[in-house]
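First comes the structure, then the notes that go with it.
The values are calculated or read from the model by the stated rules, or taken from the named source; none is laboratory data. As the structure is a prediction and not an experimental result, all values here were calculated from the model. A quick note on method: Cβ atoms are made from the backbone with ideal geometry, for glycine too, and the neighbour counts reach across all protein chains shown.
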Amino acid sequence: MVDIKTPIKIGTKTLPNRITFAPTVKFDWTDRSGIAIERFAQHYEARAKGGAGLICVEATCIHPEGRLAPSQLGLWEDAQIDGHRAIVEACKRHGAVIIVQIHHGGYNTHPDCGPSKGPSVVEWRGRTTEEMSIDEIHQARDQFIEASIRAQKAGYDGIQLHACHSYLLDQFFSPVVNLRADEYGGSTENRTRLACEVIRGIRDACGDDFLISARVPGAEPTLEEAHKIADFLIEAGVDYLQVSNGIGPDESKTPEGLPFNHIVWIGTQMHAYVNGRVPVSVVNGIDRPELARYIIANNLADTIDSARALLADPEWARAVTDGTDYVKCIRCKRCFWSPMMEHKCPAVMERRKTDPTCVD
Ligand SMILES: Cc1cc2nc3c(=O)[nH]c(=O)nc-3n(C[C@H](O)[C@H](O)[C@H](O)COP(=O)(O)O)c2cc1C
């Protein structure tokens with residue numbers, strides 16, 4: 001029987017267990033150069049040492065004009081490779097598979113970094129957006145591929161496309177905010193075209209040994225539409241789907257009485273739909289070891305992804321696999337966004353009392 005400790009093969013890589021560290025940005029840890037400093041390597045190494053089977057490094061921008069914050073990490077130029085290499089080398093000492101999430105904000109680009117630009121002209125969170133030309137879409141595609149080549153040079157086992165949470169690739173998926181009438185809008189095939197071109201381009205450039213995963217919406221806006229999107233990505237060659245939320249409006253209803261929330265539920269629906277074609281991961285609020293074990297033991301997903309539990313306690317994965325004690329995330333949301341964790345996480349502050357040198 002499969003349990004949380006059972007290794008899993010994803011693409012050509014084998015995760016030693018079913019627990020993955022979800023991407024979490026640390027804005028303000030670096031400057032506008034987007035270069036990862038040593039603190040990032042220490043932060044990720046602590047989670048790899050703590051037993052997570054896969055580490056996904058935070059949303060890392062493919063172009064300075066797609067950043068969510070001026071200090072977001074980048075992979076848009078070669079000068080950024082060495083900082084990532086330090087993260088990879090630190091994590092590899094502990095047996096984890098390590099990937100990096102590559103990202104473009106699209107409409108959500110920070111006003112100090114670039115225009116709010118994506119598939120169409122829409123009213124979006126108080127701004128009127130601009131429509132990308134076909135040339136600009138092709139440039140974005142090439143930038144995703146070039147960032148992946150840099151990720152491979154840094155030693156990463158693969159990348160995760162940030163294709164949910166209302167960022168550029170998700171904006172293309174959404175029939176609500178992608179109003180294009182050309183080959184990048186309209187049918188599901190057209191709305192997934194950019195992501196599929198990116199996947200095929202990365203595969204050609206980086207080879208079969210490079211893990212290509214995508215963090216996708218479980219409903220966009222419906223479950224059925226998200227499942228069709230997944231079909232196209234799988235057809236294009238994606239190795240792994242990690243399911244979170246999208247733009248919506250998601251009107252699907254979670255059955256009552258489940259031990260997890262709606263976002264995990266839509267992930268379980270994706271897992272059932274994909275039916276073993278590629279592994280599928282679920283995320284959101286999985287912060288109790290019993291729940292993590294339950295999801296895997298009941299074949300509701302292939303891996304579980306956790307963010308805040310692992311921010312609060314870098315050794316949380318060990319608590320899941322071996323039943324050791326752990327520091328509980330109290331869901332205070334002080335870690336949310338910028339300035340991320342200037343030691344505001346109560347669990348980090350508590351650890352500092354006994355170990356002033358402990359990493360974030
Ligand atoms: C501080 C912080 C930063 C985050 N950064 C990212 C990110 O870079 N990319 C991403 O896809 N999700 C990001 N998220 C969302 C998490 O990956 C995760 O989906 C969410 O926190 C729910 O999971 P959890 O309940 O285990 O924390 C972030 C969440 C937090 C709290």
Quiz item: Across the stretch 244-269, what is the number of residues that are surrounded by fewer than 16 Cβ atoms within 10 Å (Cβ to Cβ) and either modelled with pLDDT under 95 or within 15 Å of the ligand (Cβ to nearest atom) (or both)?
Solution: 2
Quiz item: What are the residue pairs meeting all of these: first residue in the stretch 255-274, first residue within 10 Å of residue 300 (Cβ to Cβ) and of a type in the set (A, V, I, L, M), second residue buried (at least 21 other Cβ atoms within 10 Å of the Cβ) and at pLDDT 95 or above, Cβ atoms under 6 Å, and 6 or more apart or on different chains?
Solution: 264/282; 264/284
Quiz prompt | Contacts under 7 angstrom Cβ, first residue in the stretch 233-252 being of a type in the set (S, T, N, Q), partner part of a helix (DSSP H, G or I), 6 or more apart | solution = 244/263; 245/263; 252/223; 252/266
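Condition check: over 25 Å from residue 251 (Cα atoms), away from the ligand (no atom under 16 Å from the Cβ) and of a type in the set (Ser, Thr, Tyr). Does residue 187 satisfy that?
Working: over 25 Å from residue 251 (Cα atoms): no; away from the ligand (no atom under 16 Å from the Cβ): yes; of a type in the set (Ser, Thr, Tyr): yes.
It is false that residue 187 is over 25 Å from residue 251 (Cα atoms), away from the ligand (no atom under 16 Å from the Cβ) and of a type in the set (Ser, Thr, Tyr).
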Exercise. Determine which single condition residue 89 fails, assuming it passes every other condition in (1) assigned to a helix (DSSP H, G or I); (2) among the acidic types (Asp, Glu); (3) under 15 Å from residue 159 (Cα atoms).
Key: (3)
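Does the stretch 292-300 include one or more residues that are away from the ligand (no atom under 13 Å from the Cβ), modelled with pLDDT of 95 or more, under 27 Å from residue 168 (Cα atoms) and not small (Gly, Ala, Ser)? Spell out how you get there, then give the answer.
Initially, the stretch 292-300 is screened for residues away from the ligand (no atom under 13 Å from the Cβ), giving 293-294, 296-300.
Going one step further and asking which of them are modelled with pLDDT of 95 or more, we end up with 293-294, 296-300.
Those left that are additionally under 27 Å from residue 168 (Cα atoms): none.
No, there is no match, as no residue in the stretch 292-300 is away from the ligand (no atom under 13 Å from the Cβ), modelled with pLDDT of 95 or more, under 27 Å from residue 168 (Cα atoms) and not small (Gly, Ala, Ser).
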Practice problem: Return a yes/no flag: does the stretch 66-84 have any residue that is modelled with pLDDT under 95, among the acidic types (Asp, Glu) and either within 17 Å of the chain's Cα centre (by Cα) or outside any strand (DSSP E or B) (or both). | Solution: no
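Are any of the residues in the stretch 1-15 touching a helix residue (DSSP H, G or I) at 6+ places or on another chain (Cβ under 7 Å), more than 26 Å from residue 358 (Cα to Cα) and charged (D, E, K, R)? So that I can check it myself, show each step before the final result.
Filtering the stretch 1-15 for residues touching a helix residue (DSSP H, G or I) at 6+ places or on another chain (Cβ under 7 Å) gives 2-5.
Applying the additional criterion that residues be more than 26 Å from residue 358 (Cα to Cα) yields 2-5.
Right, trim to charged (D, E, K, R) and you get 3, 5.
There is at least one residue in the stretch 1-15 that is touching a helix residue (DSSP H, G or I) at 6+ places or on another chain (Cβ under 7 Å), more than 26 Å from residue 358 (Cα to Cα) and charged (D, E, K, R).
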Exercise. Write out, first by first residue and then by second, each pair whose Cβ atoms fall under 7 Å of each other, whose residues are 6+ apart or on separate chains, and whose first residue, in the stretch 309-321, is more than 17 Å from residue 348 (Cα to Cα) while the second is assigned to a helix (DSSP H, G or I) and away from the ligand (no atom under 14 Å from the Cβ).
Key: 320/293
Quiz item: Assuming residue 87 fulfils every condition listed in (1) within 30 Å of residue 129 (Cβ to Cβ); (2) surrounded by 24 or more Cβ atoms within 10 Å (Cβ to Cβ); (3) aliphatic (A, V, I, L, M) apart from one, which condition is it?
Solution: (1)
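Here is a yes/no grid of residues against (1) within 18 Å of the chain's Cα centre (by Cα); (2) crowded, with 18+ Cβ neighbours inside 10 Å:
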{"position": "271", "(1), (2)": "yes, yes"}
{"position": "281", "(1), (2)": "yes, yes"}
{"position": "290", "(1), (2)": "no, no"}
{"position": "300", "(1), (2)": "no, yes"}
{"position": "313", "(1), (2)": "no, yes"}
{"position": "332", "(1), (2)": "no, no"}
{"position": "351", "(1), (2)": "no, yes"}
{"position": "356", "(1), (2)": "no, no"}
Quiz item: Taking the stretch 149-163, which residues are surrounded by fewer than 24 Cβ atoms within 10 Å (Cβ to Cβ) and within 16 Å of the ligand (Cβ to nearest atom)?
Solution: none
Quiz item: Is one or more of the residues making up the stretch 115-127 crowded, with 24+ Cβ neighbours inside 10 Å and within 29 Å of residue 250 (Cα to Cα)?
Solution: yes
Quiz item: Could we say that residue 205 is of a type outside the set (S, T, N, Q) and either closer than 30 Å to residue 54 by Cα or touching a residue at least 60 places away in the same chain (Cβ under 8 Å) (or both) here?
Solution: yes
Quiz item: When you go through 282, 359, 327, 348 one by one, which is the residue that is part of a helix (DSSP H, G or I), hydrophobic (A, V, I, L, M, F, W, C) and within 16 Å of the ligand (Cβ to nearest atom)?
Solution: 348
Exercise. Within the stretch 1-53, count every residue that is of a type in the set (S, T, N, Q), in contact with a strand residue (DSSP E or B) (Cβ under 9 Å, 6 or more places away or on another chain), more than 16 Å from the ligand (Cβ to nearest atom) and within 30 Å of residue 276 (Cα to Cα).
Key: 3
Practice problem: Using the structure shown, decide if residue 116 is among the hydroxyl-bearing types (Ser, Thr, Tyr), without any contact (Cβ under 8 Å) to a residue 40 or more places away in the chain and on the phi < 0 side of the Ramachandran plot. | Solution: yes
Practice problem: Return a yes/no flag: does the stretch 288-295 have any residue that is acidic (Asp, Glu) and assigned to a loop (DSSP other than H, G, I, E, B). | Solution: no
Practice problem: Name the residue, out of 27, 40, 21, that is modelled with pLDDT under 95, farther than 25 Å from residue 138 by Cα and within 18 Å of the chain's Cα centre (by Cα). | Solution: 27
